[in-house]
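Shown next, in structure tokens, is the structure this report addresses.
The values are calculated or read from the model by the stated rules, or taken from the named source; none is laboratory data. Remember, predicted model here, so these are calculated numbers, not experimental data. Methodologically, a virtual Cβ is constructed for each residue, glycine included, from the backbone with ideal geometry; neighbour enumeration extends over all protein chains shown. Side chains are part of the model used for accessible areas, which takes the heavy atoms of the whole protein and leaves out ligands, DNA and RNA. Shrake-Rupley method; radii C 1.70, N 1.55, O 1.52, S 1.80 Å.
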Amino acid sequence: MCGIIGYIGTEDCANLILEGLRRLEYRGYDSAGIAIITDGRFEIRRAAGKLDRLAEALRGEPVSGTIGIGHTRWATHGPPTELNAHPHRAGDVVVVHNGIIENHRVLKAELLAEGHTFSSETDTEIVAHLVSRERGRGHGLVEAVRLALLQVHGAYAIAALDRTDPETLVAAKNASPLVVGLGDGANYLASDIPAILQHTRRVVFLDEGQMVVLRRSGATFQHIATGAPFEPKVQVINWTPAMAEKGGYRHFMLKEIHEQPRAVTDTLRERVRIERGTVELDGLNLTDEQLAGFSRAVIIACGTSWHAGLVGEYLIEQFSRLPVEVELASEFRYREPCVDEKVLVIAVSQSGETADTLAAIKETQSRGSHVLAVCNVVGSSIVRLSNSNLMTHAGPEVSVASTKAFTTQIAALYLLAVKLGLARGTLQPGRAAVLLQDLIEVPSAIETVLETPASEYVALARRFGNATSMLYLGRGTSFPIALEGALKTKELSYIHAEGYAAGEMKHGPIALIDESVPSVVVCPMGPHFDKTLSNVAETRARGGAVIAVTTPSGAERIGSDADAVLVVPEAPDHVMAFLTAIPMQLLAYHIADFKGTDVDQPRNLAKSVTVE
Ligand code: M6R
């Protein structure tokens, strides 16, 4: 949600900023803008809609300069118009902002009473006025930004420029992500790494309450509260720029689906010790004794990560007999949760910036729980806040619809389940070695699923893509996979899709079935096959079409009882979720492609949900 980019150096930076914004498009936005200082004046271009509109504005009236900021806005206060697009200006100051200023009404009333006038409906413009007011009181830009932020409550990442000081770019962070890129004679600022990766790999992730002053010669860091300087931790990012590009696929989503064998392999690399039947989890700051001492685990997450958590629940309970609850972070945070130091909290998040998950983590930490982050982004807020981490190595996930993050999260939770089982004595190394062997065979089984000709999915998309409603059903770990299939379908193709535990059908959803409602039934051969087959029959008996996702032996048993079958390889039940997840992703992708929706940036959605 909202993207920020900043540059100070010696290059003409309009295109560099525009390119950076394009790499932040995945975050979701509905207007964009740029401000550059040229000969002591601001050149500001803004546009409602996609970045092409901003590019058009820049072609119409080109700007040049070697210091500037850019922004993609995801509307919260005021509609996505050009007037509400950032940057916002007050006097000599411009500001871009990601997040929400919670006390904006009070501040605006105060500023209006002092004679300030506003040209937008945004909360951001207030920050520009606050900084400008501090400048008017005689403070330099850096101190003016700091003093302004002390008056602001809420979540923000901001960047500010002053046209009278073209040697300084100031930025600050409280809750919304901001990364500083350190270059040679040039320095950068961005909401996320891919935006600056082609310029530098040396980065500093700002923490809450920190600010940075970028100059051509370098960057200095200080705390917002006191102004006291500090030495930052510089990290070197090993993602290549190509890892963040489409790599020949039509959409990022399709590329990311096909990256899953590699992503899962990378997540397992150097963690599995088959010969000893053990796992080594770097970043886990808990001894085996501590792991054995927990009375239960609570998994907190949102969306797709929550579905991965549900698969994790089955695995952890099965391998370690540790009771697990899986909670939606957005609900959990407000529930005065019953957790303490005996509860292991596992926070699952691709981005590491999801506001609800962050708030839920803080809630559990205040009650003494140890929080383990299962996360894809090194240095993200959730990783920094958590007590331990288990990184997924999916690489940058650009498409809003999560795919490779999901399977790598399941891989990480599988490793954790084995680790817990060994620590708690419910798994012996011999059995753990078998489970780990099954796990390391997953990437090649996913490759087999990916070999299914696209034409099979295209045919299904043509046949069922005009449905207005779909059901997704499954039992065991196929239940969260059904939930995930329904989520992928609704977010990508805007078809109303519901995921259900197949056993729940008779308790209500079966009333929905008729000729117009196709059902995707996830029923691989395994412990739940026969029961789920009954659901297939019940659905067909009511005129509903069935797409069965099953294994070769399942397909043989189903025969003509389903209208279509998507086949995944036979595999043990505990790894089946990895395989059945893939047809869910591909089916949703092809239906969306058939319908012509914006696959990588579905309407109303943002990749990183940094506000409530
Ligand atoms: O970055 P996170 O994993 O914390 O994000 C959570 C959800 O917003 C995310 O999984 C969302 O549901 C996906 N876009 C779905 O594809």
Exercise. In this structure, does residue 174 turn out to be assigned by TED's automatic domain parsing to the domain that holds residue 77, open to solvent by 40 Å² or more (accessible area, probe 1.4 Å) and in contact (Cβ under 8 Å) with a residue 60 or more places away in the chain?
Worked result: yes
For this session: Have a look at 402, 388 and point out the one that is open to solvent by 10 Å² or more (accessible area, probe 1.4 Å), in the same structural domain as residue 318 (by TED's automatic domain parsing) and touching a Gly at 6+ places or on another chain (Cβ under 8 Å).
Result: 402
For this session: Give the residues of the range 472-493 that are open to solvent by less than 20 Å² (accessible area, probe 1.4 Å), under 23 Å from residue 525 (Cβ atoms), within 16 Å of the ligand (Cβ to nearest atom) and not β-branched (Val, Ile, Thr), sorted by residue number.
Result: 472, 480, 482, 484, 485, 486
Exercise. When you go through 291, 315, 284, 322 one by one, which is the residue that is touching a residue at least 24 places away in the same chain (Cβ under 8 Å), in a loop (DSSP other than H, G, I, E, B) and open to solvent by less than 10 Å² (accessible area, probe 1.4 Å)?
Worked result: 322
Seminar exercise, completed: Of (1) open to solvent by 20 Å² or more (accessible area, probe 1.4 Å); (2) more than 14 Å from the ligand (Cβ to nearest atom); (3) assigned to a helix (DSSP H, G or I); (4) in contact (Cβ under 8 Å) with a residue 12 or more places away in the chain, residue 330 fails just (2)
Exercise. When residue 162 is evaluated against the numbered criteria (1) in contact (Cβ under 8 Å) with a residue 40 or more places away in the chain; (2) open to solvent by 60 Å² or more (accessible area, probe 1.4 Å), which criterion, by number, is the only one it fails?
Worked result: (2)
Seminar exercise, completed: Of the residues in the range 339-359 that are out of contact with any Phe, Trp or Tyr (no Cβ under 7 Å at 6 or more places or on another chain) and of a type in the set (Val, Ile, Thr), the one that is farthest from the ligand (Cβ to nearest atom) is 339
Exercise. If you go through the range 586-605 one residue at a time, do you hit one that is in contact with a Cys (Cβ under 8 Å, 6 or more places away or on another chain) and either farther than 28 Å from residue 410 by Cα or open to solvent by less than 60 Å² (accessible area, probe 1.4 Å) (or both)?
Worked result: no
Seminar exercise, completed: If we keep only residues of the range 15-34 that are open to solvent by less than 10 Å² (accessible area, probe 1.4 Å) and hydrophobic (A, V, I, L, M, F, W, C), then the residue nearest to residue 75 (Cα to Cα) is 32
Exercise. Picking from 607, 595, which residue would you name as being more than 16 Å from the ligand (Cβ to nearest atom), out of contact with any Asp or Glu (no Cβ under 6 Å at 6 or more places or on another chain) and more than 21 Å from residue 536 (Cα to Cα)?
Worked result: 595
Exercise. Do you know which of the residues in the range 370-414 that are part of a helix (DSSP H, G or I) and of a type in the set (Val, Ile, Thr) is nearest to the ligand (Cβ to nearest atom)?
Worked result: 382
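Results for (1) farther than 16 Å from residue 145 by Cβ; (2) surrounded by fewer than 19 Cβ atoms within 10 Å (Cβ to Cβ); (3) aromatic (Phe, Trp, Tyr), shown as yes or no for each residue.
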site: 36; (1), (2), (3): yes, no, no
site: 42; (1), (2), (3): yes, no, yes
site: 54; (1), (2), (3): yes, no, no
site: 72; (1), (2), (3): yes, no, no
site: 87; (1), (2), (3): no, no, no
site: 90; (1), (2), (3): no, no, no
site: 108; (1), (2), (3): yes, yes, no
Problem set entry | Test: residue 367 is outside any helix (DSSP H, G or I), among the charged types (D, E, K, R) and either open to solvent by 20 Å² or more (accessible area, probe 1.4 Å) or within 12 Å of the ligand (Cβ to nearest atom) (or both) | yes
